[in-house]
Protein chains: 2
Amino acid sequence: MFSIGQLSKATGVKVPTIRYYEEIGLLPQPGRNAGNQRRYGQDGMDALGFIKHARDLGFSLEDIKALMGLDGQLGEDCAEADRIARSQLANVRDRIRKLEQLATELERISHLCDGGNGGCCKVLTALGDHSQCATEHG
Amino acid sequence: MFSIGQLSKATGVKVPTIRYYEEIGLLPQPGRNAGNQRRYGQDGMDALGFIKHARDLGFSLEDIKALMGLDGQLGEDCAEADRIARSQLANVRDRIRKLEQLATELERISHLCDGGNGGCCKVLTALGDHSQCATEHG
DNA sequence: CTTGAAGCTCTAGTGACTAGAGCACTTAGG
DNA sequence: CCTAAGTGCTCTAGTCACTAGAGCTTCAAG
């Protein structure tokens, strides 16, 4: 049996966050001891570990709820879990592409300040004017 | 003189968002007409354009407030604006790096489902277990 | 002059937490 | 057995950057 603090230490999820996950129905309600404190078993530990890892992989709590709901059935859940994972992968790839365009743009803007400061600063102007941009960002 | 709707169309910022920017003091309060409706001049248009572009570049509203506060002074603002832009660039690069690790991991997880479904689904297991990961993500 | 679009204010909701108040309970040492 | 520190409890409210909706007023075109 683990206390909420032990669970927190073991998984790296903060105590209020664990209570929050319980509140929104993501984490099953654990038993309580005589003094009304939460006591978790290995299943609670596993569930929280799953959530933590999926969160680190960028899944939304809603996705995670769906993934956890799949567990236990056979056959279809593979396809469905895979679909969710793939959609998350597409999402991540898209974010990378956008961020790369932003990095290009920010690099360009930063270089505007490089050549001394006689009559600089073009940085503010560049930030304000999309038509100066070399790439299509945003 | 522009109405809030015209400003919205011209900049691509939604009407409630413009009002929100005004509410938090990011956008100066415009004049009102006889019927209490907002009327903007070119300065309002420029300010909103600046905000929009900087938002697209990933700056927080707080950063943008700081950048807008710099405008008008000479000398130091270049250094300060450049500092903010560079810090944002570093931030973006960091996010790209992290997302790339996630993409690698998600690709690996997705492939677990490829070979038919006899005794698959490892996807849920992989999502739950960080020790199976090839890279350090999160 | 009518009608429909656009404007106004205000409140509340989103996601995923985080912070703080003000208690009760547990645990280790004496 | 007692005490003090630490941990736990619930509850409310705040974060960021909006978004949605109610219920009203004003504007612009025909």
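The values are calculated or read from the model by the stated rules, or taken from the named source; none is laboratory data. These numbers were taken from a predicted model, which means no experiment stands behind them. When we count neighbours, we look across all protein chains shown, and the Cβ atoms used for this are built from the backbone with ideal geometry, even at glycine. Just so you know, the surface numbers come from the protein's heavy atoms only, side chains and all, with ligands and any DNA or RNA stripped out. Shrake-Rupley method; radii C 1.70, N 1.55, O 1.52, S 1.80 Å.
A compact table of results
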{"item": "Residues being modelled with pLDDT of 70 or more, surrounded by 17 or more Cβ atoms within 10 Å (Cβ to Cβ) and within 7 Å of another protein chain (Cβ to nearest Cβ) - total across the stretch B:101-126", "result": "6"}
{"item": "When residues of the stretch B:23-49 are limited to those that are within 16 Å of DNA strand C (Cβ to nearest atom), part of a helix (DSSP H, G or I) and open to solvent by 20 Å² or more (accessible area, probe 1.4 Å), the one nearest to the other protein chains (Cβ to nearest Cβ)", "result": "B:Met45"}
{"item": "Which listed residue, of A:Lys14, A:Lys9, A:Lys98, A:Lys52, is under 30 Å from B:Gln88 (Cα atoms), within 14 Å of DNA strand D (Cβ to nearest atom) and open to solvent by 20 Å² or more (accessible area, probe 1.4 Å)", "result": "A:Lys14"}
